[in-house]
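To start, the structure itself, in structure tokens.
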Amino acid sequence: MVVPYKKLNDGTKIPMIGFGTWQLEQKACSDAVREAIRVGYRHIDTAFAYYNEKYVHEGIGNFKREELFITSKLWREFHDPKLVEKACDLSLKDLQSDYLDLYLIHWPERKKAFPEIVYQMHRLKEKGKVKSVGLCNATIHHIQDLLNQKLSISMNQIEFHPFLNQQELLKFCLSQNIAVTAYCPIAHGKVVENEVIKRVAEKLNKTPAQISLRWLFQKDLIVIPRSTKPERIVENFSIFDFKIAEEDMRAIEALNNNTRIVNPDFQEFDY
């Protein structure tokens, strides 16, 4: 399976599908990452707050680092410009890597002066510790705050699936040449139960999960599904050999009901 790449606004190339590791722990994490790489995933998504970066490294093993794209995220306890490099170094130590391909602020916090944090993340680019910088869970206003200060980002990673179709945010990001990654792309399995998605899956002889992932890909989003089951890891990867018809794309678009799976009390989605 040939995986398409997207060129970010800083020239870095990112695979359009990655392997998510949220909620994967210890051996289950390392086994899943190892299987994902065997299947063909070359993009691995993790975070300091997943507490599994050591196990991601175990799963990677001796695989060539230069053939992988690794994303990690700056957690809230390090939302201080003076702590950004320390946080990055902790992730690099656990991943046993010299650099991150993409470093994101996990949850932007206006009261903690996140533009200054983004500035320090760009300094990490100058030092070779990070290749690209971005945000995770950012709104249009978060991003505009950065743009107003002439600070660039290459990625916004957000929850996005047929039941949370953040079309306005996606349109804004793409208009600013900011790529978007969809996490929870199969809505924690909820797409499997949906009659519209099941109908499209039957028509194309695919699974509902594959339909949701392909729908996102056709909307120009990068997807990061995760699973511990080898058969699901293969299934989720196999989305580049078919296409969803335009009328079916529209039918899936209409499923949006703004249902969030990830909605912590510290989020700033109303900004």
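The values are calculated or read from the model by the stated rules, or taken from the named source; none is laboratory data. All values reported here derive from a predicted model rather than from experimental measurement. Every residue, glycine as well, gets a Cβ built from its backbone with ideal geometry; the counts of neighbours run over all protein chains shown.
Which count do you get for residues in the stretch 38-70 that are closer than 23 Å to GLY134 by Cβ and not in a loop (DSSP other than H, G, I, E, B)?
So in the stretch 38-70, the residues closer than 23 Å to GLY134 by Cβ come out as 41-53, 56-57, 60, 65-70.
Still in the list and also not in a loop (DSSP other than H, G, I, E, B): 43-45, 48-50, 53, 56-57, 60, 65-67, 69-70.
Within the stretch 38-70, residues that are closer than 23 Å to GLY134 by Cβ and not in a loop (DSSP other than H, G, I, E, B) number 15.
Could you please give the count of residues in the stretch 211-225 that are of a type outside the set (A, V, I, L, M) and within 11 Å of the chain's Cα centre (by Cα)? Steps first, answer last, please.
Initially, the stretch 211-225 is screened for residues of a type outside the set (A, V, I, L, M), giving 212, 214-215, 217-220, 225.
Applying the additional criterion that residues be within 11 Å of the chain's Cα centre (by Cα) yields 225.
Total satisfying the criteria: 1.
Give the stretch 104-140 a look and list any residue that's crowded, with 19+ Cβ neighbours inside 10 Å and modelled with pLDDT under 95, or say none.
If the condition is that a residue be crowded, with 19+ Cβ neighbours inside 10 Å and modelled with pLDDT under 95, then PHE114 is the only one that fits.
If you scan the stretch 79-103, which residues turn out to be crowded, with 17+ Cβ neighbours inside 10 Å, under 19 Å from GLU126 (Cβ atoms) and either in contact with a strand residue (DSSP E or B) (Cβ under 9 Å, 6 or more places away or on another chain) or of a type in the set (A, V, I, L, M, F, W, C) (or both)?
Correct list: VAL84, ALA87, CYS88, SER91, LEU92, SER97, TYR99, LEU100, ASP101, LEU102, TYR103.
Provide a single number: the residues in the stretch 243-261 that are assigned to a loop (DSSP other than H, G, I, E, B) and within 12 Å of HIS161 (Cα to Cα). Give the derivation first.
Here is the first cut: in the stretch 243-261, the ones assigned to a loop (DSSP other than H, G, I, E, B) are 243-245, 254-261.
From the residues that got through so far, the ones that are within 12 Å of HIS161 (Cα to Cα) too are 254-261.
Of the residues in the stretch 243-261, 8 are assigned to a loop (DSSP other than H, G, I, E, B) and within 12 Å of HIS161 (Cα to Cα).
So which strands (runs of 3 or more DSSP E) stay within the stretch 90-196 end to end and still have 1 or more residues that are among the charged types (D, E, K, R) and under 22 Å from GLY18 (Cα atoms)? Please lay out each step first, then the result.
Values: elements: 100-105, 130-136, 155-159, 179-183.
Here the list reads 100-105, 130-136, 155-159.
Which is more than 22 Å from GLU246 (Cα to Cα), charged (D, E, K, R) and touching a Leu at 6+ places or on another chain (Cβ under 9 Å), of ASP220, ASP145? Full working, then the answer.
Values: ASP220 fails: more than 22 Å from GLU246 (Cα to Cα).
So the residue among ASP220, ASP145 that is more than 22 Å from GLU246 (Cα to Cα), charged (D, E, K, R) and touching a Leu at 6+ places or on another chain (Cβ under 9 Å) is ASP145.
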